[in-house]
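Read through the structure below, which is laid out as structure tokens, and then see the notes.
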Amino acid sequence: MNQEIFSFVIYMIHACANQWEQKPSEVYKNMKSTDCIKGFLVPNYEILHTQSTKYIMEDIKEYFHVRGISI
């Protein structure tokens, strides 16, 4: 993972944490346990980073929902 993708992932963790009123560590824990970072954000970075933060957060929320994580 290069610096650009790493920065994107960190940004999304904090954006989700702020929106969902959770700690960034909790969002990271959920992302890690569902393979959201390596299985969704990193492989789809080229497409996702062109979308709005709100749109990506909705995608992450749906990704969690499908894997049994409620926000």
Checklist entry - Out of (1) over 11 Å from the mean Cα position of the chain (by Cα); (2) at pLDDT 95 or above, what's the single condition that is false for ILE71? => result (2)
Checklist entry - Among the residues of region 33-47, which ones are under 10 Å from the mean Cα position of the chain (by Cα), within 15 Å of SER7 (Cβ to Cβ) and open to solvent by less than 30 Å² (accessible area, probe 1.4 Å)? => result ILE37, LEU41
Checklist entry - Is it fair to say LYS23 is surrounded by 13 or more Cβ atoms within 10 Å (Cβ to Cβ) and either of a type in the set (Gly, Ala, Ser) or free of Cβ contacts under 8 Å to residues at least 24 places away in the same chain (or both)? => result no
Checklist entry - Of all residues in region 53-62, which are farther than 20 Å from GLN3 by Cα and open to solvent by 30 Å² or more (accessible area, probe 1.4 Å)? => result LYS54, TYR55, GLU58, ASP59, LYS61, GLU62
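Results for (1) in a helix (DSSP H, G or I); (2) free of Cβ contacts under 8 Å to residues at least 40 places away in the same chain, shown as yes or no for each residue.
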residue: ALA15; (1), (2): yes, no
residue: LYS29; (1), (2): yes, yes
residue: GLU46; (1), (2): yes, yes
residue: SER70; (1), (2): no, yes
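The values are calculated or read from the model by the stated rules, or taken from the named source; none is laboratory data. All values reported here derive from a predicted model rather than from experimental measurement. FYI the Cβ positions are ideal-geometry reconstructions off the backbone, even for glycines, and counts take in every protein chain you see. Please note that ligands, DNA and RNA were not included when accessible areas were found on the heavy atoms of the full protein model with its side chains. Shrake-Rupley method; radii C 1.70, N 1.55, O 1.52, S 1.80 Å.
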